[in-house]
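Each remark here refers to the structure printed beneath this line.
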(Lines give C-alpha, C1' and ligand atoms only; values in the text may rest on other atoms or scores of the structure.)
Protein backbone atom coordinates (compact mmCIF):
# COMPACT_ATOMS: atom_id res chain seq x y z
CA UNK A 1 0.00 0.00 0.00
CA UNK A 2 1.42 3.38 -0.95
CA UNK A 3 0.37 6.96 -0.19
CA UNK A 4 -2.09 7.08 -3.11
CA UNK A 5 -3.87 3.85 -2.08
CA UNK A 6 -7.30 3.95 -0.45
CA UNK A 7 -9.25 1.43 1.61
CA UNK A 8 -13.04 1.60 1.26
CA UNK A 9 -15.09 -0.03 4.02
CA UNK A 10 -18.83 -0.51 3.38
CA UNK A 11 -20.28 -0.89 6.88
CA UNK A 12 -22.81 0.28 9.41
CA UNK A 13 -21.77 3.38 11.32
CA UNK A 14 -23.50 3.97 14.64
CA UNK A 15 -24.43 7.48 15.74
CA UNK A 16 -22.43 8.95 18.60
CA UNK A 17 -25.60 9.83 20.49
CA UNK A 18 -27.33 7.44 22.85
CA UNK A 19 -30.52 7.50 24.86
CA UNK A 20 -34.15 7.96 23.80
CA UNK A 21 -33.27 9.95 20.65
CA UNK A 22 -31.03 7.18 19.28
CA UNK A 23 -32.15 5.09 16.30
CA UNK A 24 -33.75 1.98 17.87
CA UNK A 25 -33.19 -0.13 14.74
CA UNK A 26 -29.45 0.59 14.85
CA UNK A 27 -29.39 -0.36 18.53
CA UNK A 28 -31.16 -3.65 17.73
CA UNK A 29 -28.60 -4.39 14.98
CA UNK A 30 -25.83 -3.72 17.50
CA UNK A 31 -27.40 -6.14 19.98
CA UNK A 32 -27.84 -8.73 17.20
CA UNK A 33 -24.12 -8.45 16.33
CA UNK A 34 -23.23 -8.95 19.99
CA UNK A 35 -25.47 -11.98 20.56
CA UNK A 36 -24.92 -13.81 17.26
CA UNK A 37 -21.32 -12.94 16.34
CA UNK A 38 -19.77 -11.57 19.56
CA UNK A 39 -19.22 -8.40 17.55
CA UNK A 40 -20.48 -4.83 17.60
CA UNK A 41 -21.48 -1.95 15.40
CA UNK A 42 -19.02 0.96 15.57
CA UNK A 43 -19.16 4.76 15.59
CA UNK A 44 -16.92 6.87 13.33
CA UNK A 45 -14.51 7.39 16.23
CA UNK A 46 -14.39 3.64 16.90
CA UNK A 47 -13.70 2.91 13.21
CA UNK A 48 -10.84 5.44 13.27
CA UNK A 49 -9.42 3.80 16.41
CA UNK A 50 -9.73 0.32 14.86
CA UNK A 51 -7.85 1.43 11.74
CA UNK A 52 -5.19 3.11 13.88
CA UNK A 53 -4.76 -0.11 15.89
CA UNK A 54 -4.22 -2.07 12.65
CA UNK A 55 -1.57 0.40 11.44
CA UNK A 56 -0.75 3.66 13.18
CA UNK A 57 -0.36 5.36 9.78
CA UNK A 58 -3.98 4.70 8.73
CA UNK A 59 -6.34 7.67 8.95
CA UNK A 60 -9.97 8.18 7.96
CA UNK A 61 -10.03 10.49 4.95
CA UNK A 62 -13.79 10.76 4.43
CA UNK A 63 -17.06 9.13 5.49
CA UNK A 64 -20.13 8.92 3.26
CA UNK A 65 -23.39 8.13 5.08
CA UNK A 66 -26.83 7.26 3.76
CA UNK A 67 -29.81 9.34 4.86
CA UNK A 68 -32.13 6.35 5.37
CA UNK A 69 -30.17 4.20 7.79
CA UNK A 70 -26.78 3.94 9.46
CA UNK A 71 -24.97 2.51 6.43
CA UNK A 72 -21.91 4.23 5.11
CA UNK A 73 -18.57 4.02 3.37
CA UNK A 74 -15.37 4.85 5.21
CA UNK A 75 -12.38 5.92 3.11
CA UNK A 76 -9.03 5.35 4.79
CA UNK A 77 -5.51 6.12 3.61
CA UNK A 78 -1.96 6.15 4.88
CA UNK A 79 -1.04 9.37 6.64
CA UNK A 80 2.01 11.19 5.32
CA UNK A 81 5.10 10.05 7.14
CA UNK A 82 8.20 12.26 6.97
CA UNK A 83 10.52 9.39 7.92
CA UNK A 84 11.26 6.88 5.20
CA UNK A 85 11.83 3.25 6.03
CA UNK A 86 15.18 1.59 5.49
CA UNK A 87 13.81 -0.38 2.53
CA UNK A 88 12.55 2.78 0.82
CA UNK A 89 16.02 4.37 1.07
CA UNK A 90 17.77 1.39 -0.56
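Quick grid of which residues meet (1) surrounded by 13 or more Cβ atoms within 10 Å (Cβ to Cβ); (2) in contact with a strand residue (DSSP E or B) (Cβ under 6 Å, 6 or more places away or on another chain):
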position: 16; (1), (2): no, yes
position: 20; (1), (2): no, no
position: 32; (1), (2): no, no
position: 47; (1), (2): yes, yes
position: 53; (1), (2): no, no
position: 56; (1), (2): no, no
position: 75; (1), (2): yes, yes
note = By residue number, the members of region 40-58 that are modelled with pLDDT of 90 or more and either over 24 Å from residue 8 (Cα atoms) or not in a helix (DSSP H, G or I) (or both) are 42, 43, 55, 56, 57, 58
ask   = Is one or more of the residues making up region 26-48 closer than 26 Å to residue 79 by Cα and touching a helix residue (DSSP H, G or I) at 6+ places or on another chain (Cβ under 9 Å)?
value = yes
ask   = Are any residues in region 5-39 touching a residue at least 40 places away in the same chain (Cβ under 8 Å) and part of a loop (DSSP other than H, G, I, E, B), and if so, which ones?
value = 5, 6, 15, 23
ask   = If you check residue 61 against the conditions, is it in contact (Cβ under 8 Å) with a residue 24 or more places away in the chain, surrounded by fewer than 15 Cβ atoms within 10 Å (Cβ to Cβ) and closer than 30 Å to residue 4 by Cα?
value = yes
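The values are calculated or read from the model by the stated rules, or taken from the named source; none is laboratory data. Owing to the predicted nature of the structure, the values given are computational and were not obtained by experimental measurement. Heads up, the Cβs are rebuilt from the backbone with ideal geometry, glycines too, and the neighbour counts pull from every protein chain shown.
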